[in-house]
Amino acid sequence: MITNTPSLRWLAGLAVLSLFATSCSYFEIKEQSSSGDDVLAGADDDAADTTSTSDVTDNDGEQPTVVVPARPIDDGTGDVELDPAIWIDVDISLELIAEYEEPIAFESRSGTDDLYVAQKNGVIRRINRRYTSNGTERISTDTRVVLDLSEQVSTGEEQGLLDIEFSLDGRKLYVSYTDLNGDSVVVEYSIDRATRANVETARELLRVPQPNGNHNGGAIEIGDDGFLYIALGDGGGSGDPGGNGQDLSTALGSILRIDPFPVGEQPYGVPDGNPFLEQVGADERIWLYGVRNPWRFSFDSLTGDLWVADVGQNSFEEVTLLKASEEFGRGANLGWNAYEGFESFGSGVELANHIAPTYAYSHDQGRCSITGGHVYRGETLPLFNGVFFFGDYCTGEVFGLEYTSQGIVVRPLTIQLGREDLVSFGIDELGEMWVVQRSGAVSRVIPTPAEEDAG
């Protein structure tokens with residue numbers, strides 16, 4: 001099991017100190033309250049409304065940069081110096097590519113340039129993308145449906161079709177949704193080289209009962225190891241009343257890892273490297289635990305690092321980087337419900353094996369629900385190579401986070417969406433960043449076009 005190393009504890013402490021010390025109030029740490037809950041769509045139905053209108057700039061009207069040192073670098077004056085983050089002043093925009101009814105997730109597929117969009121109502125659609133011999137991109141939307149699960153999914157605020165994923169070879173489609181009973185379900189379909197899933201091949205891999213209609217999580221990812229990772233929230237209700245986040249006997253409040261190929265009569269296998277295989281009473285599928293409602297996690301396509309964005313209770317939103325060099329979170333305890341952000345929560349029980357978040361921001365200025373999140377690895381925005389994109393659902397802000405050997409740089413980007421609209425990010429086969437909006441837009445992140453000469 002991964003334990004909290006001195007370096008990680010140092011990072012956690014410096015994160016809080018740096019946020020208190022910063023001259024701007026953009027990510028000011030606030031007094032933590034254990035009452036209430038989120039507002040949302042990626043947050044909760046049982047929430048108190050904390051989304052009063054507020055500015056998205058500091059008092060000077062500027063977009064401030066928050067720097068969180070990962071370790072002290074003292075030049076003798078007491079000042080901490082950091083390498084410049086050259087991307088922080090780059091203007092970027094969204095290029096609208098397609099519009100659908102309440103899209104919820106975006107995915108690319110190995111072996112094709114096509115792109116796939118999941119709608120919350122259970123429908124999956126395809127964006128047809130081709131390149132001519134001279135490299136010109138041609139995009140069109142396919143009117144045919146890839147898969148229609150609309151009669152199988154529940155329709156609550158935090159329910160429905162939640163995510164899609166493809167196998168490494170692109171021949172299997174995995175879907176994650178809540179069924180008509182509100183339970184979390186993951187199903188595999190064959191798609192081969194066709195553009196529509198074969199409904200006759202449906203094979204249920206996983207079914208987890210949900211005690212409430214919120215905190216379903218539902219994100220799924222295939223790792224470079226070919227295994228399927230599945231995020232599940234804590235089961236809902238304010239404050240994790242069932243204590244699922246710290247309970248290894250339940251799949252709730254965890255990210256699971258399974259081998260999606262059948263083993264005997266079982267629909268999946270449990271990989272040998274799973275951390276709790278030998279622990280009596282523990283769910284052997286658990287890869288990491290202590291999450292509340294992970295609204296998207298992803299693997300860096302270059303490094304294999306795992307990034308987890310976890311929706312907080314009423315005070316903090318979290319980003320946790322679990323590096324591939326440290327087994328990308330194997331057995332990690334991210335702390336919920338003993339911690340929210342860097343603060344103790346509820347009983348305040350101190351956890352010996354707690355992995356603190358890499359970065360956390362407060363619910364200041366109307367922020368209330370994080371939307372993760374991918375690391376950019378494309379060519380269109382070369383200065384953003386290695387920058388993690390994430391945002392806040394309630395304010396529509398989009399941020400960049402860069403983790404360097406000297407520290408963490410967090411910066412609001414020049415993309416501003418509407419309130420309660422940002423539901424997902426995506427990466428295509430070229431490493432380019434995409435943004436999904438609940439209001440319907442599926443867009444690609446591009447450099448802001450230069451203004452044409454009016455003369």
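Read-outs: derived from the displayed coordinates by stated rules, not from any lab. Note that the structure is predicted; figures quoted are calculated from it, not measured. Note that each Cβ is placed from the backbone with ideal geometry, even for glycine, and that neighbours are counted across all protein chains shown.
Some points to look at:
- Taking the number of Cβ atoms within 10 Å of each Cβ as an exposure proxy, the fewest-first ranking of His215, His354, His363 is His354, His363, His215.
- Three-way shape label, the stretch 300-412, alpha-carbon gyration tensor, a/c 1.5: oblate
- By the count of neighbouring beta-carbon atoms within 10 Å, fewest first, Glu221, Glu158 end up ordered Glu221, Glu158.
- Footprinting exposure proxy ranking of Thr143, Thr201, fewest other C-beta atoms within 10 angstrom first, gives Thr143, Thr201.
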